[in-house]
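Colleague: Okay, here's the structure, questions in a sec.
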Amino acid sequence: MSSSLSVYLLDPKAARALVGSGDDQLLDVIRDRFGDDLAADDRYFSSRIAEGAPTAYEALRAVVHGGPYDEEYAFQYGYAYKRLCSLTGSFLDNSSFCPFRGDWLETVDEGLRALRIKAVSVADFGYGGLPGGIPSYDLPRCGEWTHEECLEALEQFERTKQEGHAPPLEPEVVDAVMDVIGWLRHAEARPGLGVVGFVS
């Protein structure tokens, strides 16, 4: 079975603040502008919805209002938070991470560490929880890098380059590491913005 990593450039603190915000205007905008996307998700999860899972919009409403949640269907609330991040942030290239199998994220982290980049970890996207009490025992998993962590990771990368420390890495790991460096550069160019990633 394969997984995918989706990453977004946004202010992680602002994204977390949407949880429990009670922003009905935001919900109205999403329903009006992205109703087709919500309906497509409902078709995809129709059997689970028939069992009692909330619809995509119901899950989104629960997240924006801070609950109530039915933990049996935690996945719907995770995808609702992902939708909030996708609508308030910018999608970043994930070509090296979609799809992936097995311990690929850990393998990329080994490549980052070989380049002495320790401030960020792509594997952390697969182990983090969701903010604001959103149940998260099910996929998707979520993690975030702050703007400061992104800057620190870039500094570590630049130091490694200056020192001429370039260990041999597999070509696909190099590609993935360069994707990560691209994400960090996007964050560097936008003060206050970081990266939020979802493994599903």
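Colleague: Right, Phe91: surrounded by fewer than 19 Cβ atoms within 10 Å (Cβ to Cβ), of a type outside the set (Asp, Glu) and not in a loop (DSSP other than H, G, I, E, B) or not? Steps first, please.
Modeller: Numbers: surrounded by fewer than 19 Cβ atoms within 10 Å (Cβ to Cβ): yes; of a type outside the set (Asp, Glu): yes; not in a loop (DSSP other than H, G, I, E, B): yes.
Answer is yes for this residue.
Colleague: While we're on this one: Would you confirm whether any residue within the range 180-189 is in contact with a His (Cβ under 8 Å, 6 or more places away or on another chain), under 24 Å from Lys82 (Cα atoms) and at pLDDT 95 or above? Break it down stepwise before answering.
Modeller: Of all residues in the range 180-189, those in contact with a His (Cβ under 8 Å, 6 or more places away or on another chain) come to 187.
Restricting the remaining residues to those that are under 24 Å from Lys82 (Cα atoms) gives 187.
Filter once more, keeping what is at pLDDT 95 or above: 187.
Checked the range 180-189: at least one residue is in contact with a His (Cβ under 8 Å, 6 or more places away or on another chain), under 24 Å from Lys82 (Cα atoms) and at pLDDT 95 or above.
Colleague: Does the range 122-130 include one or more residues that are under 24 Å from Val19 (Cα atoms), exposed (fewer than 15 other Cβ atoms within 10 Å of the Cβ), in contact with a Cys (Cβ under 8 Å, 6 or more places away or on another chain) and of a type in the set (Gly, Ala, Ser)?
Modeller: Yes, the range 122-130 has at least one match.
Colleague: Just checking: which of the helices (runs of 4 or more DSSP H) contained wholly in the range 100-200 hold 1 or more residues that are under 16 Å from Gly89 (Cβ atoms)? Write out each step before concluding.
Modeller: Numbers: elements: 104-114, 124-127, 147-162, 171-188.
Per the criteria, 124-127, 147-162, 171-188.
Colleague: Exactly one of (1) on the phi < 0 side of the Ramachandran plot; (2) surrounded by fewer than 19 Cβ atoms within 10 Å (Cβ to Cβ); (3) of a type outside the set (Asp, Glu); (4) touching a residue at least 40 places away in the same chain (Cβ under 8 Å) is unmet by Ser6. Its number?
Modeller: For Ser6, the exception is condition (2).
Colleague: Taking the conditions exactly as written (surrounded by 14 or more Cβ atoms within 10 Å (Cβ to Cβ), closer than 21 Å to Ser86 by Cα, among the aliphatic types (A, V, I, L, M) and under 18 Å from the mean Cα position of the chain (by Cα)), does Val108 satisfy them or not?
Modeller: On the way: surrounded by 14 or more Cβ atoms within 10 Å (Cβ to Cβ): yes; closer than 21 Å to Ser86 by Cα: no; among the aliphatic types (A, V, I, L, M): yes; under 18 Å from the mean Cα position of the chain (by Cα): yes.
Answer is no for this residue.
Colleague: Considering only residues that are crowded, with 16+ Cβ neighbours inside 10 Å and more than 10 Å from Leu115 (Cβ to Cβ), which ones fall in the range 154-167?
Modeller: Leu154
The values are calculated or read from the model by the stated rules, or taken from the named source; none is laboratory data. Nothing here was measured: the structure is a model prediction, and the numbers come from that model. Heads up, the Cβs are rebuilt from the backbone with ideal geometry, glycines too, and the neighbour counts pull from every protein chain shown.
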